[in-house]
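Structure record follows, encoded as structure tokens.
None of the figures in this text is laboratory data; all of them are computed from the coordinates on show. All values derive from a computational prediction rather than experimental measurement. Here the Cβ positions follow ideal geometry from the backbone for every residue, glycine too, while neighbour counts run over all protein chains shown.
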Amino acid sequence: FLSLFSSPVKKILTTFKKEEIADLKEFGKVIQKLEKGEKRIKEILEGAALRAEIEEEAEPEGEIQLCLNQLQELGAKDKLEGISKEIAIAEEKGDGKKVKDLMQEFNQITKGLNKNEKTET
């Protein structure tokens with residue numbers, strides 16, 4: 001999933017994954033270490049802290065899963081757009097086999113999107 005995130009967010013996530021955080025004091029140290037890095041990381045962390053204060057989510061795991069699902073959906077839609085362009089090129093070249101293969105791939109991704117949308121509702 002990390003490939004779906006920007007480089008500052010990847011750095012935050014990988015840092016938290018590596019560090020063993022047993023209490024809030026250690027958590028604070030990790031945050032300070034991250035904030036000393038890029039300015040953008042500090043902005044992201046401050047924004048997350050502010051949002052956490054504003055929106056007290058009863059189930060943060062559910063919110064994270066929702067975000068990951070939405071990122072996957074965006075990735076799938078980007079892939080569909082690329083496949084559509086490839087289909088148009090293959091049709092122009094008269095490559096029927098490639099068109100057929102690309103259409104099958106397009107349909108599989110679309111079915112996956114539809115399945116995800118049904119489980120979210």
>> Could you give the length gained by full extension between N69 and I21, i.e. 0.36 nm per residue of separation minus their alpha carbon distance, to one decimal place?
In response: 14.6 nm
>> Using a 7 Å offset from the Cα along the Cα-to-Cβ direction at both Q32 and N114, what is the distance between the two label points in nm, to one decimal?
In response: 5.5 nm
